[in-house]
Amino acid sequence: MMKKILLLVLACVMLLSCGKKEVKPVSQESKVTMEAFALAETVKNAFIVKDNITLKKNSTESGYKDITANTRLFDSVELTFTPRWVDIENNQFSVNISWKSTWIVSGKSRAERGMAVFVMEGAPLKVSKILRANPFVMPE
């Protein structure tokens with residue numbers, strides 16, 4: 001009987017201690033940062049499956065040229081993106097992404113890694129440039 005009372009008291013204390021806390025609204029910068037990370041993933045996935053319609057829809061003309069700069073044919077590619085940070089300046093977002101790639105060409109594997117900066121702008125965001133090491137270009 002004593003154990004049941006102790007469990008009941010413990011349960012009541014836990015319920016009272018788990019009161020509703022105030023939820024802070026998400027800042028506009030956080031929302032745009034999440035949108036930028038999602039856009040980078042969308043572009044990566046579209047590139048892997050060679051979906052040019054999605055690539056055009058999510059990039060400007062110059063961004064599309066940077067994404068499709070690889071003119072060499074490949075059988076398949078694996079890309080891994082790890083977003084590092086975002087710089088916001090004058091309605092332009094620079095998303096720094098660490099990446100790894102493995103390209104399969106005629107049965108041979110080629111690996112590469114690097115750090116790229118995806119410049120994004122507009123509403124909704126679109127990739128307008130890729131600076132530094134472009135993950136969409138196959139290594140030599």
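Every read-out reported here was derived from the displayed coordinates using simple, explicitly stated rules and does not represent laboratory data. Just so you know, these numbers come straight off a predicted model, no measurement behind them. Ideal geometry is used to build each Cβ from the backbone, glycine not excepted, and the neighbour counts take in all protein chains shown.
Observations on the structure shown:
- Converting phi to 3J(HN,Hα) with the Karplus coefficients 6.51, -1.76 and 1.60 and the offset θ = phi - 60°, the range 90-106 yields 6, 6, 10, 10, 10, 9, 8, 10, 7, 9, 10, 9, 10, 9, 10, 10, 6 Hz in sequence order, with x at every glycine or proline.
- Calculated over the range 31-140, the projected area of the Cα convex hull averaged across directions stands at 6.3 nm².
- Backbone amide hydrogens, once placed in the peptide plane, bring Lys126 within less than 5 Å of Glu121, excluding anything fewer than 5 places away on its chain.
- Beyond 26 Å in Cα-Cα separation lie the following of the pairs Lys31/Lys126; Lys24/Lys57; Lys31/Lys129; Lys56/Lys108; Lys100/Lys126: Lys24/Lys57; Lys56/Lys108.
- Loop-located GluC sites (Glu not before Pro) in the range 61-90, at most 16 other Cβ atoms within 10 Å (DSSP): none
- Per-residue ³J(HN,Hα) for the range 45-57, Karplus 6.51 cos²θ - 1.76 cosθ + 1.60, θ = phi - 60°, Hz, x for Gly and Pro: 5, 5, 5, 4, 8, 6, 8, 5, 5, 5, 4, 5, 5
- What the Cβ-Cβ distance of Leu131 and Leu73 gives, at R0 = 30 Å and to the nearest 0.05, is a FRET efficiency of 0.75.
- From least to most packed, judged by other beta carbons within 10 angstrom and beginning with the fewest, Ile88, Ile97 follow the order Ile88, Ile97.
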